[in-house]
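Notes follow the structure.
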Amino acid sequence: MSRNSILSFIIVAAGTGALLATTAQSQFGAPKAFVNLQPTTPGTSQSGHINVSGKVIASSFGGSGAEITGLPWAAITGAPTGFPPNGAAGGDLAGTYPNPSIGTNTVSSLKLATDPNSLPKVSGSNMFSSGSFIGIGTSTPIGAARFVVSQPTAGFGGMYVNPSPGGSPFYGYSQGGSIAAYTYVDGADSNKWKLHQGSLDVVTVTTTGQVGIGTELPTWRLEVNSGTLAGGKFIGGAEASSGFIALAPALMSTTNRGDGFYATTDSTSGYAVIGYSSATTGRGVYGRADGTGTGVYGRAISPGIAGFFDGNCQVVGTLSKGGGSFKIDHPLDPENKYLYHSFVESPDMMNIYNGVITTDLKGYATVALPDWFDALNRDFRYSLTIIDTSDSDDFVQAKIVREIQANHFVLRTSAPRTKVSWTVTGIRQDDFANSHRIPLEELKKPEERGYYLYPQEAGIPPEMGIEAHKEAARNTMIRSKSLKR
């Protein structure tokens, strides 16, 4: 007679300490092998089978014939038909076991982005996701940004796109499903970096640093082609000292001059530079030079005008010129003519004073001068002229009987009641004049020798002029720099 026995036992998983209760059945009377459960420390090696209804938790299964059978592998996506895996892979996997690969287009955004732990696992903890946020090198969003790249170490950060030779890596912006703007490196145009807006490349930067706005062929460090618009507008803030500042390099030679700002115009009615100030005490154009430089420089080829001032003009300093005059509407024909008068020149810094006075019954007259006369002048000169409208046969003499003292001088005529025209000159002795005496003669600078201030007036070619020579040297320098760019 055969008997069946039901044995209850506990399986202890080595290394985990987990306990699992289950039931084993043995049928006596039939030659059925079964396995005796042993303590935690393994004992005698045994052979046979364990039939388990439930779960088995263990850290490992050992032995040359170790295997698990009877598990529902069909419930696992891409699972093989047996274990260890072998044969063709399926589901999200491709290839064959034991080394399958992830199938093409099988890992969708739904399987990664919705799981915050997916991206770190597949990217080696370099990518992170949270809702609609994706981070590279960081799991912390910045504001409302949906994509953030963080550089955890020193050096270059951000993103780098390495296209094939001649390619055009770009970063773009789209609105309403259409391309609005993008920036890219044009591999077909000397690797220039360009900003594209609408249908045009509006900004171009060459590999040597030239920047073009409105032009793709800049030859200057900054070149603006504004078309029908103004070339630029610079507005300084409330705390800014200037709206625009241009700096030029230091001089390297007498001909290699640096220009902080250079402007030209081809218009017959336009202005290359316009300065305007709406403030009551503002300055439309300001020029400054240190050392022997020039604050504001204007040059015109005759008959042009190097400088034109419509209004009052003040010079704080010394004015040097080839000639001078006043120019007014002609008093007799103001609509059709001008009237000129030349300046009175002198080798000295001379002031001229004159007037008319009539002597008394004794033939004396005292001329009173301004109260600042003595302080301003020295080295006085006198001229006296008798005015006799009666045309008498008697000639009247006049003389100075007391020179200027306390801003007065006294004259005397040989006849009483005589009208006298007088003139007095003095040499300035104020602080400015004493510090800035105008030299009577001066040697030209070495770079100016052999050239003329007024070549045409001397009957020689205009290119022999000092300023024409400097301009030619300057243009040569500009062309040389343009070729180097």
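The values are calculated or read from the model by the stated rules, or taken from the named source; none is laboratory data. This is a predicted model, so every value here is computed, not measured. Please note: Cβ atoms are built from the backbone with ideal geometry, for glycine as well, and neighbour counts cover all protein chains shown. These accessible areas exclude ligands, DNA and RNA; they are computed on the full protein's heavy atoms, side chains included. Shrake-Rupley method; radii C 1.70, N 1.55, O 1.52, S 1.80 Å.
In this structure, does Ala433 turn out to be closer than 30 Å to Tyr297 by Cβ, in contact with a helix residue (DSSP H, G or I) (Cβ under 7 Å, 6 or more places away or on another chain) and touching a residue at least 12 places away in the same chain (Cβ under 8 Å)? No, not satisfied.
For the subset of segment 417-442 comprising residues that are among the β-branched types (Val, Ile, Thr) and outside any loop (DSSP other than H, G, I, E, B), which member is surrounded by the most Cβ atoms within 10 Å (Cβ to Cβ)? Within segment 417-442, the match that is surrounded by the most Cβ atoms within 10 Å (Cβ to Cβ) is Val424. Scan segment 273-292 for residues that are within 30 Å of Pro455 (Cβ to Cβ) and open to solvent by less than 50 Å² (accessible area, probe 1.4 Å) and jot them down. Those that are within 30 Å of Pro455 (Cβ to Cβ) and open to solvent by less than 50 Å² (accessible area, probe 1.4 Å): Gly287, Ala289.
Every residue, every condition in (1) hydroxyl-bearing (Ser, Thr, Tyr); (2) open to solvent by 40 Å² or more (accessible area, probe 1.4 Å); (3) farther than 20 Å from Asn354 by Cβ, yes or no:
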| site | (1), (2), (3) |
| --- | --- |
| Ile400 | no, yes, no |
| Glu403 | no, yes, no |
| Val410 | no, no, no |
| Thr413 | yes, no, no |
| Lys444 | no, yes, yes |
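Return the residue satisfying two criteria in turn: it lies in segment 137-162 and is open to solvent by less than 70 Å² (accessible area, probe 1.4 Å) and at pLDDT 70 or above, and of such residues it is farthest from Asn126 (Cα to Cα). Going through the qualifying residues, I end up with Ala145.
Reported count of residues in segment 212-231, each being modelled with pLDDT of 90 or more, open to solvent by 40 Å² or more (accessible area, probe 1.4 Å) and in a strand (DSSP E or B), is 1.
List the number of the failed condition for Leu384; all other conditions in (1) exposed (fewer than 13 other Cβ atoms within 10 Å of the Cβ); (2) modelled with pLDDT of 95 or more hold. For Leu384, the failing item is (1). Can you tell me which residue within segment 313-372, out of those that are part of a loop (DSSP other than H, G, I, E, B), of a type in the set (Ser, Thr, Tyr) and closer than 25 Å to Tyr452 by Cβ, is most open to solvent (accessible area, probe 1.4 Å)? Once the filter is applied, the top-ranked residue is Ser320.
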